[in-house]
Amino acid sequence: MNDTVDSTLSVSDWKDRIRPHLERSMRDVSDAITNAAPIQSWMHQASFDAAEGLGQMHAMQAEAMGHMRMLNDLEDSFPALIQAVDELTDGFGALDIHWRPLTPNFSRVKVTFDRDYTVSAFLSLADQTVDGAASVLDILQSTLPKGDPFPNRPHSVTALVVHRSVPLGVRLHDRLVEDNRTVDVTLLPENAKPVEDLPFSVAPRAIADYFAAETGQPTA
């Protein structure tokens, strides 16, 4: 493939496409990238090239090989996109492809975060304060489904929150308990056990204190 295929979209252009969706939905990020004209133009030929010569392999091996070819070609063809994702996610995000060899038109480019949980939103904590952490939680809460959850089946959403290059997974559970909705918070620190079932009102202090301990900066 042509390694200048993304010449019509600069790093700034890609950031403008991706940035509005990062705090809300990684699915929307995927849509914004996948539906870009240069990606659509690239996808058809790249899918054909990736599948070439794989017919004699076992299905799983062929799919893995095709995925690797597609991903390598994506990285070679869209350096501006690679840079935009890296800068927007403080180096934590990376491009990946959900390749569907039998229906290549439904293949998708997505951003992943190499976590052992699914990240549905990415948020930067600018101010290491209780108020700053509360604002992050408010944004994340706004992405929860609006309808009532079923009993024993809470709505949930998980974000990767980053402050000064320190990551913290933050998960909200929206539960229906005796006809009342309540939201609790689970913190997912790296290399440590989750901190579960924090009341929503208590979580901002816990988040701010976590980043204070990790960065050596006192909570304001």
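The values are calculated or read from the model by the stated rules, or taken from the named source; none is laboratory data. Because the structure is predicted, anything quoted here is derived from the model rather than measured. A quick note on method: Cβ atoms are made from the backbone with ideal geometry, for glycine too, and the neighbour counts reach across all protein chains shown. Each accessible area value is taken on the protein alone, full model and side chains, heavy atoms only, with ligands, DNA and RNA left out. Shrake-Rupley method; radii C 1.70, N 1.55, O 1.52, S 1.80 Å.
Of note:
- In degrees, nearest ten, helix 130-141 long axis to first principal axis of the chain (Cα): 50 degrees
- Burial order of peptide ranges 90-102, 171-183 (average beta-carbon count within 10 Å, highest first): 90-102, 171-183
- Calculated FRET value between residue 65 and residue 126, using beta carbons and R₀ = 35 Å, to 0.05: 0.25
- Local electrostatic count, residue 68, Cβ distance below 12 Å [Lys/Arg +1, Asp/Glu -1]: -3
- Set of the stretch 79-106 residues, backbone N closer than 12 Å to the point 7 Å along the Cα-Cβ line of residue 165: 90-92
- Placing unit charges on the Cβ atoms only, positive for Lys and Arg and negative for Asp and Glu, gives the stretch 18-176 a dipole magnitude near 520 debye about its Cα centre.
- Here r is the Cβ-Cβ distance between residue 142 and residue 10 and R0 is 41 Å; the resulting FRET efficiency, rounded to 0.05, is 0.85.
- Sequence-separation-based contact order of the stretch 52-155, relative, with Cα cut under 8 Å and 6+ spacing, percent: 14 percent
- Gain on full stretching of the segment that runs from residue 83 to residue 153 - 0.36 nm per residue minus C-alpha separation: 21.3 nm
- Antiparallel beta bridges, as assigned by DSSP with both residues in the chain, represent about 90 percent of the total such bridges.
- Cut-off 19 Å, label 7 Å out along Cα→Cβ of residue 106, residues of the stretch 61-95 by amide N: 63-64, 66-67
- Residues of the chain: accessible area per residue with a 1.4 Å probe, Å²: 54 Å²
- Counting only alpha carbon atoms, the long axis of helix 59-77 and the longest principal axis of the chain meet at about 90°.
- Within the accessible surface of the stretch 74-220, defined with a 1.4 Å probe on protein heavy atoms only, the carbon and sulfur portion equals 48 percent.
- When P(r) over Cα pairs in 5 Å bins from 0, in percent is computed from the coordinates, the matching label among (i) 1, 7, 15, 19, 19, 15, 11, 7, 4, 1, 0, 0; (ii) 1, 6, 11, 11, 9, 8, 8, 8, 8, 8, 6, 4, 3, 3, 2, 2, 1, 1, 0, 0; (iii) 1, 7, 14, 16, 15, 13, 12, 10, 8, 4, 2, 0, 0 is (iii).
- Close amide H partners of residue 157, meaning residues 5 or more places away or on another chain with modelled amide H under 5 Å apart, are 172.
- Local net charge near residue 180, Cβ-Cβ under 15 Å (Lys/Arg +1, Asp/Glu -1): -3
- Oblate is the label for the stretch 82-168, because a/c, from the alpha-carbon gyration tensor with a ≥ b ≥ c as root eigenvalues, is 1.5 or above and a/b does not exceed b/c.
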